[in-house]
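Derivation of every value follows stated rules applied to the coordinates shown; laboratory data play no part. Because the structure is predicted, anything quoted here is derived from the model rather than measured. FYI the Cβ positions are ideal-geometry reconstructions off the backbone, even for glycines, and counts take in every protein chain you see.
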Amino acid sequence: MATLLRSKLSNVATSVSNKSQAKMSGMFARMGFQAATDEEAVGFAHCDDLDMEHRQGLQMDILKSDGGEEGAEPPLEGDIHYQRDGTGPLPPSASKEGGICSELSGQGKPKITAWEAGWNVTNAIQGMFVLGLPYAILHGGYLGLFLIIFAAVVCCYTGKILIACLYEENEDGEIVRVRDSYVDIANACCAPRFPTLGGRIVNVAQIIELVMTCILYVVVSGNLMYNSFPNLPVSQKSWSIIATAVLLPCAFLKNLKAVSKFSLLCTLAHFVINILVIAYCLSRARDWAWDKVKFYIDVKKFPISIGIIVFSYTSQIFLPSLEGNMQNPKEFHCMMNWTHIAACILKGLFALVAYLTWADETKEVITDNLPSTIRAVVNIFLVAKALLSYPLPFFAAVEVLERSLFQDGNRAFFPNCYGGDGRLKSWGLTLRCALVVFTLLMAIYVPHFALLMGLTGSLTGAGLCFLLPSLFHLKLLWRKLLWHHVFFDVAIFVIGGICSVSGFIHSLEGLIEAFRTNAED
């Protein structure tokens, strides 16, 4: 009996000691000190936008670690939250209950206010790709303006229902958060028959969108530089190659700490550029061509405009982690309302005013229409923003690819691309460089900003923003939905599906034709 009592006391003491060690290690990890690896936390873009730790099932609650078998001990690795798969010792249990990561994400991770969350959403839906909206009005007229409003309403609604899919009612009738990411929602919808199929579909869609975003940055950089200095004997393809040479060091990125310092400055610079464009357009208000705004559409090119508009509103990928890191998640709906209302007004005014100024001469990137005296200055700022924005989607795509193909334990398709010391192997670095070169090749052979943007918006943008949220909402919560919610979900799914297929087909036809033309040249 005494031996048993001593054993119990020893287990309790060890458990308390391990909890304290885990808390201290996690706290030091948050402060920037790491024990098992030299990798640094990659900041908001990794921990919030990607939410990779949750996708790997590492969210655990240290307060529940005593609820397992008698005498069970919690994991010792307090900083496992910051380790890449395969670069550090794994915890004894990687289940979603019985660990430390949820405590770190719930208590140690600094929370953000509704205004800060709104700023992140605004950055996502008010980026550089707004420059393609006047081109959408060129082929859609007033219907294009209506779609800008309609897309804002639908994306705001689907963002809310996507967050609703994270919650369920427990035995006590309380609404609790049981999922953490878009991937968790997708897997829950496909369980139990295909428990990982939904997550893989979402990951594939995310990789396509991220890589296409990188390609668009290279395309827009080459386009802007070529149109800024048309007298130089340098082609658009050559400018794209130069831009890619500048971006090649992205393959060596370990984190986004250095790049994140420029994000706020770049965003503010972009707003200033938008204001300059609008100011120039207002100075020519007497010459506005109201008669050029059509009530009919170009049937062949308007579906491409749908993809352009949808792509400019994509933010659903990181909304679950953003809502989970808000100080008051109840303010999420209000935040979504004012951010999308503001985006709708600004985008509609920008697209309409720019189109009225240049009418049928509106180009794919609206700054190319500016007079040569100010075009070069504005475009150089935009190129700088594009080059500084490239690392974020590139690093995100690399993270998803590495975790899915090289670091998924026994389910990985290839050997781990990281050594035991946590350093990237030479062939892993080669694959990163190959991804940068791939974005260059796509930008060279298909240097059409509007077509690529329309294709991406029709394929992954419509899927992630329209189709999947409405489908998941119906699948997970259909018993609790009111009839008008069911009607909205079905309508969004049907309309989104039609627009997605139509836009994808027309964009793909345009890209194939452009590819053939470039191949002949």
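Highest average first, the peptides 131-140, 305-314, 353-362 ordered by how many other beta carbon atoms sit within 10 Å of their residues are 305-314, 131-140, 353-362. Using only the Cα atoms of the range 151-260, build the gyration tensor, take square roots of its eigenvalues as a ≥ b ≥ c, and label the shape rounded, prolate or oblate: rounded if a/c is under 1.5, else prolate if a/b is larger than b/c, else oblate. It is prolate, given that a/c is not under 1.5 and a/b is the larger ratio.
From the alpha carbon centroid of the range 174-204 to that of the range 463-510 is 17 Å. Amide H contacts of residue 112: 326, 327, each under 5 Å away and 5 or more positions distant or on a separate chain (H built 1.01 Å from N in the peptide plane; Pro and chain starts excluded). In terms of the mean number of neighbouring beta-carbon atoms within 10 Å, the peptides 235-246, 190-201 order highest first as 235-246, 190-201. Each residue of the range 496-511 was assigned a 3J(HN,Hα) from its phi angle through the Karplus curve 6.51 cos²θ - 1.76 cosθ + 1.60 (θ = phi - 60°); the sequence is x, x, 5, 5, 5, 5, 4, x, 5, 4, 5, 5, 5, 4, x, 5 Hz, with glycine and proline shown as x. For the pair residue 285 and residue 475, label points projected 7 Å from Cα toward Cβ lie 5.1 nm apart. Each peptide in 341-350, 210-219 gets a packing score, the mean of other Cβ atoms within 10 Å over its residues, and the list from highest to lowest is 210-219, 341-350.
The label point for residue 115 and the one for residue 515, both projected 7 Å from the Cα toward the Cβ, are 4.8 nm apart.
For the pair residue 484 and residue 232, a Förster radius of 45 Å applied to the C-beta separation gives a FRET efficiency near 0.15, rounded to the nearest 0.05. How many nm is it between the label spots at residue 174 and residue 272, if each spot is 7 Å from the Cα in line with the beta carbon? So the two model labels end up 4.9 nm from each other.
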